[in-house]
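> I am attaching a structure below and will ask some questions about it afterwards.
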Amino acid sequence: MTLIFALLFAAALCLAGYEYRRNRKMYQIIDRMLDEVLDREPVSVSDIREGEISALAGKTKRIQEKMEQDILQAQEEKEQVKSLISNMSHQLKTPLAGLMMYRELLENENLDQRKKKQFLEKMKQQSEKIDWILKSLFKMVRLEQGAIVFEPGAHSLKETLLGAVNGIYAKAEKKEIQIFTESFKDCRVYQHPKWTGEVFENLLENAVKYTETGGEIRIRVTPMEIYTQIEIQDTGMGIPTEEQTEIFKRFYRGKAAENLEGSGIGLYLSRLILEKEKGYMTVSSVPHQGSTFSVFLQNCQN
């Protein structure tokens, strides 16, 4: 009997020793893996063969990969915010400086009424520019973040185009630029009239801005099988080939347009809007001969 108890006690000691060593090894492995996660080093799983520990190592590695993705995303968002703030500051600097200059000029008591009226008009223009930039920036950011939700549907293309043309007609008339709309049969396309109208107005305003006095703008609508193509063609300064893929990026300004009024927001904002409507936009251009912007909107059954 004593021998049996002795054997059982010895077996228990061996088992306890085995469990202690096993648990100690597991603790050391887990501790090592946690250190690797904290130090952002690769989790070493190649030398682990035991089932439970191997599974734990696999999960730890996935956690580490998820953490790395979150850190990378946070860094990218931080850089985007820094870039946005920098660009906002750059866009607002010129009109704000103009406002301050005209305010100082108006403080001159000897200024005649004609000059006062002229400077007040200049201040109004700069204030409107600041308002437009801020509104466009807020739209851009909210569209990027998905905070703006609008429901496109089947709407008249002719009505949307007409509204956009009316919006810029006065500016075109001031520069003696003629706008021709080639005759087309009205159709219903997948769009949101307010937002699509903003796309057309941005394109038409750019066409007026970059076209010399006495030029012309031509609007052409071509029905296709899946899409309807809307072309806005001008006789303006044109866009170099190497810049034609860049102009749809946020805040991009072409070299030839650097000294002209603009913010580099309109085309990027238009692209975002069209993406929400499952449409898209392209450009073809020849420097000094003009540009053609083509908007493609999905057809709807009439």
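> So the check is Cβ under 9 Å with 6+ separation or different chains; which pairs have a first residue in the range 94-122 that's in contact (Cβ under 8 Å) with a residue 60 or more places away in the chain and outside the structural domain of LEU134 (by TED's automatic domain parsing) and a second one that's exposed (fewer than 12 other Cβ atoms within 10 Å of the Cβ) and of a type in the set (A, V, I, L, M)?
As it stands, the answer is none, since no pair meets every condition given.
> Okay, moving on. Tell me the residue from LYS185, LYS129, LYS171, LYS135 that is among the basic types (Lys, Arg), part of a helix (DSSP H, G or I) and in the same structural domain as ILE217 (by TED's automatic domain parsing), please.
It is LYS171.
> Determine the pairs where a residue that is farther than 12 Å from LEU269 by Cα, located within the range 125-138, has a partner that is of a type outside the set (A, V, I, L, M, F, W, C) with Cβ atoms under 7 Å apart, the partner being 6 or more residues away or on another chain.
Listed by first residue and then by second, the contacts come to GLN126/PRO95; GLN126/GLY98; LYS129/PRO95; ILE130/PRO95.
> Considering only the range 143-159, I want to know if a residue exists there that is in contact (Cβ under 8 Å) with a residue 12 or more places away in the chain, part of a helix (DSSP H, G or I), closer than 17 Å to GLN298 by Cβ and in contact with a Gly (Cβ under 7 Å, 6 or more places away or on another chain).
No; the residues of the range 143-159 include none that is in contact (Cβ under 8 Å) with a residue 12 or more places away in the chain, part of a helix (DSSP H, G or I), closer than 17 Å to GLN298 by Cβ and in contact with a Gly (Cβ under 7 Å, 6 or more places away or on another chain).
> Considering ALA170, ALA164, which residue is of a type in the set (Gly, Ala, Ser), touching a helix residue (DSSP H, G or I) at 6+ places or on another chain (Cβ under 8 Å) and without any contact (Cβ under 8 Å) to a residue 60 or more places away in the chain?
ALA164
The values are calculated or read from the model by the stated rules, or taken from the named source; none is laboratory data. Source: prediction; values computed, not measured. Here the Cβ is made from the backbone with ideal geometry for all residues, glycine too, and neighbour counts use every protein chain on show.
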